[in-house]
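Everything below concerns the one structure shown next.
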Amino acid sequence: MVTSPHHLASEAGRDVLAAGGSAIDAAIAIGATLAVVYPHFCGLGGDAIWIVSDETGKADTLSGIGQATANISNIPAPIPLRGPMSAITSACVVDSWGAAHDYARTRWGGGPSFASLLEPAIALAEEGFPLSASQAFWLDFRRSEMGTWPGFSALYDTSHLKTESDLVRLPQLAASLRMIARDGYRSFYAGELAAKIAEGLQVAGSPLSAADLAATRTRVEPPLRLGYRGLDLLAPPPPTQGVSTLEIMALLDRIGIAEAAADSADYYHLVVEAIKQAFLSRTDIADPDFSPLDVGAWLAPERLADKAARIDRQAALPWPHRFKTGDTVFFAAVDAHGRSASVLQSIYFDWGSGVVAGDTGILWQNRGAAFSRDPASPNRLRPGARPFYTLNPGMALKDGRPHLLYGTQGADGQPQTLATLLSRVIDHGFDPAAALAAPRFLLGRTFSDSRDSLKIEESVGEEVLSELARRGHEISLLEPHSPISGQAGLIRVENGIIEGAHDPRSDGVALGL
């Protein structure tokens, strides 16, 4: 089975599985296709985080995170959110595809060539694809800004499309993908394509250099683990916020979320308050190469007990903390052997930095805007450092085998959405589709609402909304299945049965064989 936020990507992954490819092979085909058909949320100029496991539960994290340029001297403070001076970290997604492919060949045996896995993406970029509802929404939302983004409008402005049969074509991006297929994935970082990328970025005004590209590498690392109601929950290590997701789940276990009805005010209140307690210390997460973090201490019973005791079951903790926006794509695959891949790709904000690297068709991320310029911050901008990272795809093992694959779009919303999905599936017995369709929320300020409020889908019902307000939550209503609530995906494997779904808030679908 595969799941992704776009049906064309899911079809590409399913076809790889049907031809005998592994879960990793399918995920590479999905990721490359999404880089074409979902360019507002991910692309070759972005990053990726993977959690992969074989059928015995031997799992690893592939951390495909680009590092800050060595040349930070002229980067202003605060770091711009868009434009050339937000394009200050290298892009590791292509290297992560190659590293994943090498991982599968080395540990799981043979399979399709790397070049063949890019073919569906190349064909769509050359021949065209229908404009998705999500891409159309985010083009319209940013229309007033995009005229200032170097090289953007010439490639991605689709206002010339007049009918539903008109297709989006990205010939420059297709040419770059062809070069990667021909010359290998490291050609993105050293070689003809790398030289074109570096020149294009420098002409646009980015400080990134060819040397920054050449230094970019994916890391294979052990995932973080948390025991939860008979399962082992896996999350990526720092600089990602994976530890925050595990901390929330540990707090929910301690305060008895399984006893709160999943449609009750108690349920929403307790999940929100657990999120607050976990988020209060998130600013300590940074690149462990520069700011080591004792993850074991964070998840120690004494610390969790103290945080759980701070949760008031009848009153909301005031919340003036700024919500960080960000968009990404989650996709996952399980193959016939039970081997699994759970993946997130991102260019950070919708449309990233807005900067296109010359004539490559590659839109660059603005992940460097996640750095702090506070000299006392563990996450301060330093040459070669990786920023605090919101991406945290997950996997749960049951009896030592992959059982749940999960992840979501949404930056700061990721741990929030994952907490509700996991508690509904694990504690309350929801199937994947039901868990994804149920009402969701986002805590804090967003790009569309600057209030420090609890944004919650009105489908929770008036009784729940009134009780949450009585407990002190400042409520902002969202429409049912609001795109602001993220785009998540779930696959569950149990007793030889695979169930999967993608979010009704997306253009996606799960497909099985």
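The values are calculated or read from the model by the stated rules, or taken from the named source; none is laboratory data. Nothing here was measured: the structure is a model prediction, and the numbers come from that model. Surface accessibility is based on the protein's heavy atoms, side chains included, excluding ligands, DNA and RNA. Shrake-Rupley method; radii C 1.70, N 1.55, O 1.52, S 1.80 Å.
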Quiz prompt | Gyration tensor (Cα) of segment 279-391, equivalent ellipsoid semi-axes in angstrom | solution = 30, 22, 17
Quiz prompt | Semi-axes of the equivalent ellipsoid for segment 94-146, Cα gyration tensor, largest first, Å | solution = 34, 15, 9
Quiz item: What is the Å³ per residue value for the convex hull set by the Cα atoms of segment 375-513?
Solution: 177 Å³
Quiz item: Can you pull the percent of segment 454-499's accessible area that's carbon plus sulfur, 1.4 Å probe, other chains left in place?
Solution: 49 percent
Self-check item: Spread of Cα-to-Cα distances over 5 Å intervals beginning at zero, given as percent, for segment 202-265
Solution: 3, 13, 15, 14, 12, 10, 8, 7, 6, 6, 5, 0
Quiz item: Any idea what diffusion coefficient segment 137-296 gets from Stokes-Einstein, in µm²/s, Kirkwood Rh on alpha carbon pairs, 25 °C, 0.890 mPa s?
Solution: 118 µm²/s
Exercise. Could you tell me the largest-minus-smallest coordinate of the C-alpha atoms of segment 358-413 on each of the three principal axes, in descending order and whole angstroms?
Key: 44, 39, 22
Quiz prompt | 0 to 90° range, to nearest 10: angle between helix 192-204 axis and the chain longest Cα axis | solution = 70 degrees
Quiz item: Just the Cα atoms of segment 1-101: what Rg and Dmax do they give in Å?
Solution: 16.3, 51
Quiz item: In the chain, what % of DSSP beta bridges are antiparallel (nearest 5)?
Solution: 90 percent
Exercise. Would you mind working out the accessible area per residue for the chain, using a 1.4 Å probe, and quoting it in Å²?
Key: 34 Å²
Self-check item: segment 59-89 and segment 370-441: distance between their alpha carbon centers, rounded to Å
Solution: 21 Å
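In segment 261-312, what percent of the accessible surface is made up of carbon and sulfur (1.4 Å probe, ligands and nucleic acids excluded)?
52 percent
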Practice problem: Would you mind telling me the share, in percent, of accessible area of segment 50-105 contributed by carbon and sulfur at probe 1.4 angstrom? | Solution: 58 percent
Exercise. Quick one, can you get me the convex hull of the C-alpha atoms of segment 170-230 expressed as volume per residue in Å³?
Key: 177 Å³
Quiz item: Evaluated at 20 °C with a viscosity of 1.002 mPa s, what Stokes-Einstein diffusion coefficient in µm²/s does the chain have when Rh comes from the Kirkwood expression over alpha-carbon pairs?
Solution: 95 µm²/s
Exercise. Return, for the Cα atoms of segment 102-191, the radius of gyration and Dmax in Å, separated by a comma.
Key: 16.8, 50
